[in-house]
Amino acid sequence: MVRNITLSNGKEVEVECLSCALTSGLIEPDGGVVFESEYFHAHQDVAYPIKGLIIIASKRHVTCLDELTDDEKIDYIKIMSKIRQAQREVLGIEYVYYFYNEDTTHHFHTWMVPRYEWMYEFGRSVESVRPVLLHARNNMNNIENIQYVMEAINSITKKLNE
Ligand SMILES: [Zn+2]
């Protein structure tokens, strides 16, 4: 599926796959790349302004876990643990929810959604995640919170690349 993406400089580009556009550097995510390994790429989707929410995408265009090579599988678990540890050490994140669906219009990517106290009003488990993300997108997109999220992105990027 071809879609039109508006870049931050206002230019519109047509991309087949948003993940390919991001991991190849065609699109620079707001807040930048927090970490890049040989096979994976990590950034925050600031459309959901939750401090420390990180998306890990493979650089190769595959959709299913069993399509990863052995080297990619090892790299995947390593980058995910590395980011998890940074979330804990830098941002004090106690719990994370991990989401990855194979029937995506993008390619292989995993969401690491931190769990904060305020989220419990939306429920305790998996079913609360969509309402949490929508709440963040619709009600937390203010200058103050975005700045807070950007600062978190900077500190986690620094930690991951030291
Ligand atoms: Zn792709």
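The values are calculated or read from the model by the stated rules, or taken from the named source; none is laboratory data. This structure is a prediction, so every number in the text was calculated from the model and none was measured. Here Cβ is always computed from backbone atoms with ideal geometry, including for glycine, and neighbour counts include all displayed protein chains.
Within the set of pairs 6 or more residues apart or between chains, which connect a residue that is under 19 Å from Glu72 (Cβ atoms) and of a type in the set (Asp, Glu) inside region 17-39 to a residue that is outside any loop (DSSP other than H, G, I, E, B) and modelled with pLDDT of 90 or more with Cβ atoms less than 8 Å apart? Partner pairs satisfying both residue conditions: Glu36/Ala42; Glu38/Asp71; Glu38/Asp75. Taking residues in region 121-149 that are farther than 12 Å from Leu53 by Cβ, and partners anywhere that are surrounded by fewer than 15 Cβ atoms within 10 Å (Cβ to Cβ) and not hydroxyl-bearing (Ser, Thr, Tyr), the pairs with Cβ atoms closer than 6 Å and at least 6 places apart or on different chains are Phe122/Pro131. When Gly31, Gly92, Gly10 are checked against the criterion of being in contact with a helix residue (DSSP H, G or I) (Cβ under 6 Å, 6 or more places away or on another chain) and more than 13 Å from the ligand (Cβ to nearest atom), a single residue qualifies: Gly31. Among the residues of region 81-114, just one is in a loop (DSSP other than H, G, I, E, B), touching a Leu at 6+ places or on another chain (Cβ under 9 Å) and of a type in the set (Val, Ile, Thr), namely Thr105.
Quick check on Glu127: is it part of a helix (DSSP H, G or I), at pLDDT 95 or above and not hydrophobic (A, V, I, L, M, F, W, C)? Taking the combined requirement at face value, the residue does not satisfy it. Counting only strands (runs of 3 or more DSSP E) that sit completely within region 1-61, those holding 3 or more residues that are at pLDDT 90 or above and aliphatic (A, V, I, L, M) correspond to 54-58. For the condition of a type in the set (Lys, Arg), buried (at least 18 other Cβ atoms within 10 Å of the Cβ) and either under 14 Å from the mean Cα position of the chain (by Cα) or in a helix (DSSP H, G or I) (or both), Lys78 does not qualify.
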